[in-house]
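Structure record follows, encoded as structure tokens.
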């Protein structure tokens with residue numbers, strides 16, 4: 001049970017029935033220490049879309065002025081084999097894979113600049129999907145688990161119906177498979 005008294009917010013403990021008073025006027029953002037930071041390791045998947053850029057900005061806002069927190073950007077390169085023309089060569093496939101990895105690295109670097117402008121040092125991860133049964137959302141969740149993320153902040157395109165069936169639902173897969181909380185940023 002809690003009540004707002006003249007001295008601040010008062011709580012009554014159910015264990016020992018002793019009243020505790022917290023003067024909420026004394027709790028300010030500038031006085032918080034890094035020890036009370038809720039999320040110290042935030043993972044943000046990026047895909048080059050405007051909504052993933054918004055997710056990066058939201059993650060930076062969550063950290064605020066706390067400099068001990070870390071942000072990791074992750075991009076998944078989909079190298080799933082696709083049906084090629086009979087005349088397609090191994091060289092052309094490897095060239096395509098190289099271009100996709102380069103584009104992913106470019107996306108990571110572009111979003112890393114946003115984080116650096118906020119005075120933070122981003123970590124980046126380029127993850128590769130090699131086979132069709134691997135789900136991109138599971139690869140993101142696995143990376144978050146290995147990195148020990150406290151939170152995943154990601155954009156969702158809000159697809160439904162046939163679009164969701166064809167394009168997939170990466171955010172939904174991450175929500176179902178992640179061991180850490182997920183904050184979804186909706187497209188406008």
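Among 170, 175, the order by Cβ neighbours within 10 angstrom, fewest to most, reads 175, 170.
With neighbour counts taken as other beta-carbon atoms within 10 Å, the residues 72, 146 rank, fewest first, as 146, 72.
Taken together, the values in this text are just the output of simple stated rules run on the coordinates, not laboratory data. For clarity, every value in this text was computed on a predicted model and none was experimentally measured. FYI the Cβ positions are ideal-geometry reconstructions off the backbone, even for glycines, and counts take in every protein chain you see.
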